[in-house]
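The values are calculated or read from the model by the stated rules, or taken from the named source; none is laboratory data. Source: prediction; values computed, not measured. Don't worry about glycine lacking a Cβ; one is built from the backbone with ideal geometry, like all the others, and counts go over all protein chains shown. Areas reflect the complete protein model, heavy atoms only, side chains present, ligands, DNA and RNA absent. Shrake-Rupley method; radii C 1.70, N 1.55, O 1.52, S 1.80 Å.
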Amino acid sequence: MAAVRTVPFSAARFLQSPRSLASIGTPFTMVCPPSKVDRQRHERRGSTPARKLVIRAARTESKGASLGLRAPQFQLEEPLTGKQWSLEDFEPYPALMVMFICNHCPFVKHLKKDLVKLANFYAKKGLAVVAISSNSIATHPQDGPKFMAEEAKALGYPFPYLYDESQDVARDFGAVCTPEFFLFKKEGRRPFQLVYHGQFDDSRPSNNIPVTGRDISLAIDCVLSGQPIPSLQKPSVGCSIKWHPGTKV
């Protein structure tokens, strides 16, 4: 039997050098100051802004999706352009990475510039990328379509950033946190098949480990070169998806 060729690790070519990371506890506390609009509103009324809002968020690990899963069908709107995207739009590509992200999550903010670099780098090699936000705007209006469009434009997202208003797509994928990564492989006319469901890398907002994209990059390299995918896949860690009030998951 021929020896399995070791795939070179490519992430170092497009991710920046180690950076200083903020310290956030687990679970952590976010202090959200009043917005500019709120301050202006209070100034007009001659009153002072309300006290800072303290939001507690718990870490959640990805789980549930099994390797070999066929990519679920979806049809979602991209707030930035108004275009409707479906799974069929990615059929010509040999591999598809689906990311569940949002605007407010500190775990996503920790990676978002590197998500752009990774997507730009691998687009030249044949990888399709799509991002989906499924958070309820009833509890987190900052994750709504208007702000998604602003985020995508400001960061220059090279991938469609879609809004899952019903949250049905998140349930179909088995997504539970942000960020969460699903890497699918396609061979000929066969449907996309899940080959990697794991973390971006070991870096978190609280652990001072540099962002490298090592785990996801190794998986992408293997898919695009026809090599076996690593069997050890660490779960993605982040904020829980914010389900609509009263929703049973």
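List of remarks:
- For the stretch 84-191, taking the reciprocal of the average inverse distance between every pair of different Cα atoms yields a Kirkwood hydrodynamic radius of 14.3 Å.
- Each of Ser66 and Ser240 was given a label point 7 Å from its Cα along the Cα-to-Cβ line. The distance between the two points is 2.5 nm.
- Taking 20 Å as the limit for the C-alpha separation, the pairs Lys109/Lys186; Lys83/Lys185; Lys63/Lys125; Lys124/Lys186 exceed it in the case of Lys109/Lys186; Lys83/Lys185; Lys63/Lys125.
- On full extension, the segment bounded by Thr81 and Asn208 gains 42.1 nm, given 0.36 nm per residue less the C-alpha separation.
- Whole-Å distance, taken between Cα centres, linking the stretch 59-111 and the stretch 162-203: 5
- Value of relative contact order over the stretch 83-150, rounded to a whole percent, pairs C-alpha under 8 Å and six or more apart: 41
- For Tyr196, the amide hydrogen comes within under 5 Å of the amide hydrogens of Leu183, counting only partners 5 or more places away or on other chains and with H modelled in the peptide plane.
- Relative contact order of the stretch 110-249: 28 percent, from C-alpha pairs under 8 Å at least 6 residues apart in sequence.
- Just the protein heavy atoms count here, and of the accessible area of the stretch 137-202 at 1.4 Å, carbon and sulfur take up 50 percent.
- Full-stretch length increase - Arg59, Glu88 - with 0.36 nm per residue and alpha-carbon distance subtracted: 7.1 nm
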